[in-house]
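Heads up: the structure comes next, in structure tokens.
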Amino acid sequence: MLLLRAATCDKLLWRGLADDACRFLAGTDYKTEKYVLTKNRKVGVVHRLLHLGILCYIIGWVFIVKKGYQDSDSDPHSSVITKLKGSSVTKDLQEYQQRLWDVGDFVKPSQGENVLFLVTNFIATLRQVLGLCPESPLIVDGRCGEDLDCTPGEHVVNGNGVKTGRCISLNSTHSTCEIYSWCPVENESLIRKIPLNEAENFTLFIKNSVYFRKFQFSGANTLKTSDDTYFKSCRYDPVSSPYCPVFTIKNIITRTKNSFEELSLLGGVVRIDIEWKCNLDQAKVCIPQYSFGLQDKNNNFRTATYYWDKERCENRDLLKLYGIRFEISVTGEARRFSIVPTAVSLGTGCAFLGSATLLCDLILLYLDSKASFYWDCKYEEAKPPKGQQAEQPTINNDETSTNND
């Protein structure tokens, strides 16, 4: 029964569309809206619920949560300057001498911007000279059983030099190819078991400024003060010191839910996010929010220092540095009231309210049990009274017969 009624309504709809097309081409009809008051409780409840839901969406989500009455700028121009302070004393593993590590040794590059590397451990290979020596047994391609396994002139894959063709026995279990390289080669077993744990007390100063071009607004995460000692003694706290961007390394690692002791051995990558959320309608100043996260573990690189000895022979000291790489990213969004997004949000809301009426009309005309009745009530052809209709021309029978004769 429902399918038959729907088919009938479809026929009426297509017939109505065809009639409208013909009238449009003829240019003699005008179609206007007709409002029909229906006593249908179910459709009335659906209509009110749709309006209520749309109003809650517009007021609650569009205007309160998403701030649909504000214009936004989410592409700030930013600059970052970092400074790390601290020093430590260690004893060299080979020379058993004390060595002072300061900012020039700890930080790579020495003047960091949005990326800096803090050394927490190292492997030192001192007084290397160019010559012949056996490859490290940790290099798989450098291992051998006889001279035939060491092809002369062949580079050692992931190794330290070029094979000479000789296989050298290191002990009863290991033999490696002789290579031309900086000798002696690096020994991984010389990694410090006690890293540079003093670095956890170092301080990292992050100076950041942003500029939102659309609103001509600029902000900085530092406090404008005439006290030169302020940044030397303050530490960041979101409540008491929000404008003191000075962090201890231990505090940063703790915020990533890791321990400095674990990362200091083999290093890692730590992400520092600075987020600016500026509502310029409420305040003319803006305070950034900081968040920290661990990106990766085991981070290292090598650096070498070259010099000449007394015999005028070139030497170098090779350091394999393990440490924590800090990557600083800056994001932000500034918002301010504007009539254009407000009008767009209101217009969208009005369109949604109109769609609720359209949906209820479709329910009445196609899904209700009295769909044909509502169809006849909604679509009606208005005809003028008979007395006001244009008189049709009449034909005089006498004149016609005379003319025929």
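Each reported figure results from applying straightforward, stated rules to the coordinates on display, with no laboratory input. Worth saying up front: this structure is predicted, and the values here are computed from it rather than measured. Cβ coordinates were reconstructed from backbone atoms using ideal geometry, including for glycine residues, and neighbour counts include every protein chain displayed.
Descriptive notes on the structure:
- The alpha-carbon atoms of the stretch 219-340 define a convex hull whose volume equals 211 cubic angstrom per residue.
- Separation of the ASN187 and SER338 label points, Cα + 7 Å toward Cβ, nm: 6.7
- When the Cα gyration tensor is reduced to axis lengths a ≥ b ≥ c, the ratio a/c is 1.5 or higher for the stretch 168-271, and with a/b above b/c it is classed as prolate.
- Applying the criteria of a DSSP loop state and at most 11 other Cβ atoms within 10 Å to the trypsin sites (Lys or Arg not before Pro) of the stretch 162-226 yields LYS193, LYS224.
- Net lengthening on full extension, THR305/GLU327 (0.36 nm per residue, minus Cα-Cα): 5.3 nm
- Lys pairs, the stretch 229-353 - Cα-Cα below 20 angstrom, 8 or more residues apart or on other chains: 4
- Prolate/oblate/rounded label for the stretch 280-366 (Cα gyration tensor, a/c 1.5): prolate
- Projected area averaged over orientations for the stretch 224-275, convex hull of C-alpha atoms, nm²: 4.8
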